[in-house]
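Visitor: Here you go, one structure.
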Amino acid sequence: LAHYYNQADALGKEVVVTYKHHDLPAGVGMVDLELGQERTLTHHEWITDTSVDDQGAWSYVSAAGFKSADRLVDNLVDRVSKNGYLLLNVGPKPDGTIPDEARELLLEIGAWLEVNGEAIYGTTPWFFAAEGPTTLDKDGMFNEADLGYTGEDVRFTVKEGVIYATVLAWPGEEARIVSLGKGRERFPGLYESEIESITMLGSDGELDWTLTEEALVIRTPPERPGQHAFVFKITRRAPLP
């Protein structure tokens, strides 16, 4: 590995080594959680390898079935908010073609990213990753589950003075983001003077909002801008620390 890293440095290449369990000292590579994800935000970067099918098959299996696009998008957002990356497997058929079901899933994920990708690409985790009632049962590998997230489940990322609060299901007429209430006993909360504007990616115009002691309450647009996770873009007047 030392030779590999030295050669990459000499050639000006960016490389990554992944490992499982405790095979390498911390910092030497990136830990890989097969078919899994972290429950909370981690100080280290990590990656998960998962598949579009619902059986954890790493090749084409005709009867494996497929995850829903909603589940794949939710799990992408959850991983990124916790300092993770997603490596998504798509097993081709024996003739080398992509199964129609998998192709449709990839197109749906791509359509979601076209609208909401700024909340994913180039972002970093916030001070904490998530709020809401729905959580994983355990840490580590092989803990994936179809959890059925609600409109109270929110994931956070940040970039260039913007907080992205992604709600994993449609919240109804208003979204209540408890972690951003100004009465929070633990840092961070927000002040009205910090918020320049709030919008929803894929929807035109600014949204009405109210900041209370208990939560940041945001009025949703009259029409849903898509079918999967919904991103509130909270632009701050001061840059994030």
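Visitor: For the chain, what are the DSSP H helices with axial Cα length of 20 Å or more and mean Kyte-Doolittle hydropathy of at least -1.0?
Guide: Sorted by number, the helices that extend far enough and score high enough are 100-116.
Visitor: Can you compute the helix-only [θ] at 222 nm over the chain? Use -39500 (n - 2.57) per DSSP H run of at least 4 residues, normalise by all residues, nearest 500 deg cm²/dmol.
Guide: Calculated from helices alone, the mean residue ellipticity at 222 nm is -5500 deg cm²/dmol.
Visitor: If you don't mind, there's one more thing I want to ask. Scale the Cα Rg of the range 100-201 by the rule-of-thumb value 2.2 N^0.38 Å and send over the ratio, two decimals.
Guide: Taking N as the residue count of the range 100-201, the ratio is 1.22.
Visitor: Still on this structure, I have one more. Apply the a/c threshold of 1.5 to the C-alpha gyration tensor of the range 1-58 and tell me whether it is rounded, prolate or oblate.
Guide: prolate
Visitor: Can I ask one more? Students often get this wrong, so check it: of K20/K93; K82/K159; K20/K159; K13/K93; K159/K182; K20/K233, which have C-alpha atoms separated by over 25 Å?
Guide: Long pairs (Cα-Cα over 25 Å): K20/K93; K20/K159; K13/K93; K20/K233.
Visitor: Still on this model: Return the whole-Å distance between the Cα centroid of the range 39-65 and the Cα centroid of the range 117-149.
Guide: 14 Å
Visitor: Here is a further query. State, as an integer percentage, the relative contact order of the chain based on alpha-carbon contacts under 8 Å between residues 6 or more apart.
Guide: 16 percent
Visitor: Return the label of the correct value of P(r) over Cα pairs in 10 Å bins from 0, in percent, as calculated from the structure shown, out of (i) 6, 25, 24, 19, 14, 9, 3, 1; (ii) 7, 28, 32, 22, 9, 1; (iii) 8, 34, 39, 17, 2.
Guide: The value computed from this structure is option (ii).
Visitor: While we're looking at this one, here's another question. Net charge near V31, counting Lys/Arg +1 and Asp/Glu -1 over other residues with Cβ under 11 Å of its Cβ?
Guide: Once all neighbours under 11 Å are counted, the net charge is -4.
Any read-out appearing in this document is the output of simple, stated calculations on the displayed coordinates, not a laboratory observation. Bear in mind the structure is a predicted one, so any value in this text is a computation, not a measurement. Here Cβ is always computed from backbone atoms with ideal geometry, including for glycine, and neighbour counts include all displayed protein chains.
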